[in-house]
Amino acid sequence: VFVVTGHQAADVAAALDGCDVGLVFNPAFKDGMGTSIRAGIEALPDDADAVMICLADMPEIQPSTMSALIAAFDPAAERSICVPVNDGRRGNPVVFGAGHFGALADIDGDRGGRDIIDAHASGVFPVATADVGIFRDYDTI
């Protein structure tokens, strides 16, 4: 698990002291979420098969949702992107296979992976969940 920091990085590091996570500082954090995604992708080991991108302002996502996304991931079965879905709407977090790492690292500005999901619709696997935490973004509630 890697936590990408930027704003108030020292405070975040202090809050995570003792947790089994790697900290990755994004010096370009003011340029938007895309730079944090890039920093996280660049920190992954070379043999990583996939990444689950979790947003820090969405803490109500259930662990069972994360487990279901991981279990659904199977690029050989054309499931290289797994997204949680509730009531017909996509949410977060999202699992992206290694084949998408280059595109994720190229995201600019304050954007996430939505364009990548839309561009690779045939490889997107919806994972049904009753978890409404996939929509609860603390920036908007």
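The values are calculated or read from the model by the stated rules, or taken from the named source; none is laboratory data. Bear in mind the structure is a predicted one, so any value in this text is a computation, not a measurement. Cβ: placed from backbone, ideal geometry, glycine included. Neighbour counts: every protein chain shown. We work out accessible area using only protein heavy atoms, side chains counted, and drop any ligands, DNA or RNA first. Shrake-Rupley method; radii C 1.70, N 1.55, O 1.52, S 1.80 Å.
Provide a single number: the residues in the range 94-138 that are closer than 16 Å to ALA56 by Cα, touching an Asp or Glu at 6+ places or on another chain (Cβ under 7 Å) and not in a loop (DSSP other than H, G, I, E, B).
Counting residues in the range 94-138 that are closer than 16 Å to ALA56 by Cα, touching an Asp or Glu at 6+ places or on another chain (Cβ under 7 Å) and not in a loop (DSSP other than H, G, I, E, B) gives 1.
Against the conditions (1) open to solvent by 40 Å² or more (accessible area, probe 1.4 Å); (2) under 17 Å from ALA48 (Cα atoms), where does ARG89 fall short? Just the number, please.
Every listed condition holds for ARG89 apart from (2).
Looking at GLU42, is it surrounded by fewer than 15 Cβ atoms within 10 Å (Cβ to Cβ), among the acidic types (Asp, Glu) and assigned to a helix (DSSP H, G or I)?
Criteria met by GLU42.
For ALA98, all conditions in the list (1) more than 23 Å from PHE135 (Cα to Cα); (2) free of Cβ contacts under 8 Å to residues at least 24 places away in the same chain; (3) open to solvent by 20 Å² or more (accessible area, probe 1.4 Å) hold save one; what is the number of the exception?
Going through the list (1) more than 23 Å from PHE135 (Cα to Cα); (2) free of Cβ contacts under 8 Å to residues at least 24 places away in the same chain; (3) open to solvent by 20 Å² or more (accessible area, probe 1.4 Å), ALA98 breaks only (2).
Taking only the range 101-138 into account, find how many residues are open to solvent by less than 20 Å² (accessible area, probe 1.4 Å) and in contact with a Cys (Cβ under 6 Å, 6 or more places away or on another chain).
Going through the range 101-138 one residue at a time, the tally reaches 1.
Just to be sure I understand, how many residues within the range 1-15 are surrounded by 14 or more Cβ atoms within 10 Å (Cβ to Cβ) and out of contact with any Gly (no Cβ under 6 Å at 6 or more places or on another chain)?
Counting residues in the range 1-15 that are surrounded by 14 or more Cβ atoms within 10 Å (Cβ to Cβ) and out of contact with any Gly (no Cβ under 6 Å at 6 or more places or on another chain) gives 6.
Looking at SER64, is it hydroxyl-bearing (Ser, Thr, Tyr), within 28 Å of ALA130 (Cα to Cα) and without any contact (Cβ under 8 Å) to a residue 60 or more places away in the chain?
No; evaluated as a whole, the condition is false for this residue.
Any residue at all in the range 59-82 that's modelled with pLDDT under 95 and open to solvent by less than 40 Å² (accessible area, probe 1.4 Å)?
Looking through the range 59-82, none of the residues is modelled with pLDDT under 95 and open to solvent by less than 40 Å² (accessible area, probe 1.4 Å).
Name the single residue that is modelled with the lowest pLDDT among those in the range 83-115 being under 21 Å from PRO45 (Cβ atoms) and of a type in the set (Val, Ile, Thr).
Filtering first and then ranking leaves ILE107.
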